[in-house]
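Please read the structure below before turning to the comments.
The values are calculated or read from the model by the stated rules, or taken from the named source; none is laboratory data. Since the model is a prediction, treat every value here as computed from it, not as a measurement. All Cβ positions, glycine included, derive from the backbone under ideal geometry; neighbour counts span all protein chains shown.
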Amino acid sequence: MKNPFTVADGLFEDTVRIRRRLHQYPELSGQEQQTLAFIRAQLDTLSIPYAEYKNGGICAIIGKGDRAVGVRGDVDALPVQEETNLPYASVHKGVMHACGHDIHTALLLSLARAFKAEEDTLPYMVKLFFQPAEETVGGAKVMVDSGCMESPKVEKVLALHVDPALPVGHAAYLPGKMNAAVIELDITVKGKACHGAHPEMGVDAIVAAAHMICALQSIPSRFTAPTTPVVLSIGTIHGGNGRNIITGEVKLQGTVRVLDMETARQVKELIRRTAVASAAAFGAEAEVTLTDDYPALINHQALTLALAAHARELLGTDHVTLLDTPSMGADDFAYFTNAAPGCYFNLGVAGQQGCASLHSPHFAPDEGCIRTGLALLYQHLWACMEGKV
């Protein structure tokens with residue numbers, strides 16, 4: 001293994017150029033055709049073979065053998081109107097790389113160049129996963145289900161995510177539970193419509209829905225232990241046709257977040273019971289649909305602790321944090337960590353003036369993070385291949 005920062009310094013300017021190009025031309029989930037075409041062109045220039053999947057995902061393949069390590073980079077952008085005034089700001093109205101996926105993708109393309117140059121010395125095959133649709137339908141699942149982690153089987157898989165809460169040059173790791181599982185919640189409350197002046201003639205679905213929303217909030221606060229995080233948020237409520245009409249139907253949509261599947265099972269049962277009983281108290285009915293979305297992202301304990309130790313050697317002890325609190329946000333990298341031992345860590349991107357939050361129209365990470373990200377991923381992949389983790 002070469003010195004990771006020597007490698008990063010040699011790739012830095014080109015990685016910044018690639019990142020800015022990706023940032024200027026972002027594409028939404030499911031619409032990443034030009035982004036993926038750009039990735040393919042870069043790989044073709046490097047003579048790196050790759051597999052493609054039905055959702056457009058790409059797995060670049062470097063080296064040979066019957067053992068592999070992998071790293072994921074997501075490629076999609078968000079429906080956000082950029083307000084950074086950067087010279088390379090998005091030219092696509094209402095679309096922005098406000099979550100750092102342009103940095104993730106640029107890092108992988110430069111890693112491709114680095115490992116291609118060392119291909120003859122690689123003890124493992126290196127797979128680089130360029131994954132679409134992280135922000136919506138979970139492009140990771142399509143790629144994993146299609147066999148990207150097989151032939152040869154990926155023994156360890158990595159990913160990073162930019163973190164505006166951390167300064168440039170810093171990284172953060174969390175062994176075990178890292179991100180929440182997601183359950184999509186849809187409820188239809190059915191009552192009986194009538195004139196607004198005569199509510200006794202009908203069953204008010206709005207009143208039933210309002211009480212139901214309050215009742216549902218008792219599930220995280222009174223039916224689960226304070227040490228077991230549960231988030232239940234109702235995001236939309238639709239119902240009614242006029243100010244003087246008691247509506248007969250209301251639709252609610254929400255999201256539920258938990259950190260393990262046993263808690264998910266219990267919470268889903270409580271949601272159904274609470275919604276049905278709450279509606280019945282007002283003479284209404286509730287139709288409840290609960291759809292499992294992303295699973296919980298669980299970092300491999302030993303792998304993550306070992307990589308954090310390597311990061312301390314590279315960055316310095318005071319630049320590496322071991323987190324003790326998981327995020328109730330979600331990431332479909334969970335499908336990769338379900339398929340192989342994995343580590344998903346955070347990369348600091350805040351400059352001297354700080355950095356706006358993820359998904360903000362003002363999100364503008366300090367590009368100095370690219371040097372750190374390249375060095376860490378290069379070092380971590382070599383550590384996996386050399387049996388140091």
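Which of the residues belonging to region 155-209 are touching a helix residue (DSSP H, G or I) at 6+ places or on another chain (Cβ under 7 Å), over 26 Å from residue 355 (Cβ atoms) and hydrophobic (A, V, I, L, M, F, W, C)?
Across region 155-209, the qualifying residues are 157, 181, 183, 185, 187, 189, 194, 208.
Is it true that some residue in region 250-272 is in contact with a Gly (Cβ under 7 Å, 6 or more places away or on another chain), assigned to a strand (DSSP E or B) and exposed (fewer than 12 other Cβ atoms within 10 Å of the Cβ)?
Of all residues in region 250-272, those in contact with a Gly (Cβ under 7 Å, 6 or more places away or on another chain) come to 250-251, 253-255.
Right, trim to assigned to a strand (DSSP E or B) and you get 250-251, 253-255.
With the extra rule that they be exposed (fewer than 12 other Cβ atoms within 10 Å of the Cβ), the set shrinks to none.
Taking every residue of region 250-272 in turn, none turns out to be in contact with a Gly (Cβ under 7 Å, 6 or more places away or on another chain), assigned to a strand (DSSP E or B) and exposed (fewer than 12 other Cβ atoms within 10 Å of the Cβ).
Being surrounded by fewer than 24 Cβ atoms within 10 Å (Cβ to Cβ) and in contact with a Cys (Cβ under 8 Å, 6 or more places away or on another chain): is that true of residue 150 here?
Details: surrounded by fewer than 24 Cβ atoms within 10 Å (Cβ to Cβ): yes; in contact with a Cys (Cβ under 8 Å, 6 or more places away or on another chain): no.
No: the conditions fail for residue 150.
In region 171-200, how many are in contact with a Lys or Arg (Cβ under 8 Å, 6 or more places away or on another chain) and aliphatic (A, V, I, L, M)?
Qualifying residue count, region 171-200: 6.
Take the residues of region 289-304 that are touching a Leu at 6+ places or on another chain (Cβ under 8 Å) and of a type in the set (A, V, I, L, M): which is nearest to residue 135 (Cα to Cα)?
The qualifying residue nearest to residue 135 (Cα to Cα) is 296.
Consider region 341-389. How many of its residues are touching a Lys or Arg at 6+ places or on another chain (Cβ under 6 Å) and buried (at least 21 other Cβ atoms within 10 Å of the Cβ)?
First, pick out the residues of region 341-389 that are touching a Lys or Arg at 6+ places or on another chain (Cβ under 6 Å): 341, 384.
Next, only the ones that are buried (at least 21 other Cβ atoms within 10 Å of the Cβ) stay: 384.
Result for region 341-389: 1.
Return the residue satisfying two criteria in turn: it lies in region 277-299 and is of a type outside the set (S, T, N, Q) and surrounded by 20 or more Cβ atoms within 10 Å (Cβ to Cβ), and of such residues it is farthest from residue 165 (Cα to Cα).
Residues of region 277-299 that are of a type outside the set (S, T, N, Q), as a first pass: 277, 279-288, 290, 292-298.
Applying the additional criterion that residues be surrounded by 20 or more Cβ atoms within 10 Å (Cβ to Cβ) yields 279, 284, 286, 294-298.
On the way: 279: 42, 284: 46, 286: 41, 294: 24, 295: 25, 296: 22, 297: 20, 298: 21 Å.
Residue satisfying both the conditions and the ranking: 284.
Restricting to region 118-140, count the residues that are among the acidic types (Asp, Glu) and part of a helix (DSSP H, G or I).
Residues that pass the stated criteria total 2.
Of these, 340, 364, which one is small (Gly, Ala, Ser), in the same structural domain as residue 67 (by TED's automatic domain parsing), more than 17 Å from the chain's Cα centre (by Cα) and closer than 27 Å to residue 184 by Cβ? Walk me through it before giving the result.
On the way: 364 fails: closer than 27 Å to residue 184 by Cβ.
Checking each option against the conditions leaves just 340.
Out of curiosity, is residue 287 assigned to a strand (DSSP E or B), among the charged types (D, E, K, R) and either assigned by TED's automatic domain parsing to the domain that holds residue 131 or at pLDDT 95 or above (or both)?
Yes.
From the list 186, 163, which one is of a type in the set (D, E, K, R), in a strand (DSSP E or B), modelled with pLDDT of 95 or more and not assigned by TED's automatic domain parsing to the domain that holds residue 62?
Working: 163 fails: not assigned by TED's automatic domain parsing to the domain that holds residue 62.
From the options 186, 163, the qualifying one is 186.
Which of the residues that make up region 1-59 are farther than 15 Å from residue 76 by Cα, in contact with a strand residue (DSSP E or B) (Cβ under 7 Å, 6 or more places away or on another chain) and touching a residue at least 40 places away in the same chain (Cβ under 8 Å)?
Those that are farther than 15 Å from residue 76 by Cα, in contact with a strand residue (DSSP E or B) (Cβ under 7 Å, 6 or more places away or on another chain) and touching a residue at least 40 places away in the same chain (Cβ under 8 Å): 43, 48, 51, 59.
Consider residue 15 against the criteria (1) in contact with a Gly (Cβ under 9 Å, 6 or more places away or on another chain); (2) more than 26 Å from residue 334 (Cα to Cα); (3) part of a loop (DSSP other than H, G, I, E, B); (4) of a type outside the set (Lys, Arg): it satisfies all of them except one. Which criterion is unmet?
Only one criterion in (1) in contact with a Gly (Cβ under 9 Å, 6 or more places away or on another chain); (2) more than 26 Å from residue 334 (Cα to Cα); (3) part of a loop (DSSP other than H, G, I, E, B); (4) of a type outside the set (Lys, Arg) is unmet by residue 15, namely (3).
Return the total of residues in region 1-47 being crowded, with 17+ Cβ neighbours inside 10 Å and in contact with a Lys or Arg (Cβ under 6 Å, 6 or more places away or on another chain).
2
Of all residues in region 345-389, which are assigned to a loop (DSSP other than H, G, I, E, B) and among the charged types (D, E, K, R)?
Initially, region 345-389 is screened for residues assigned to a loop (DSSP other than H, G, I, E, B), giving 352-353, 355-368, 386-389.
Result: 366, 367, 386, 388.
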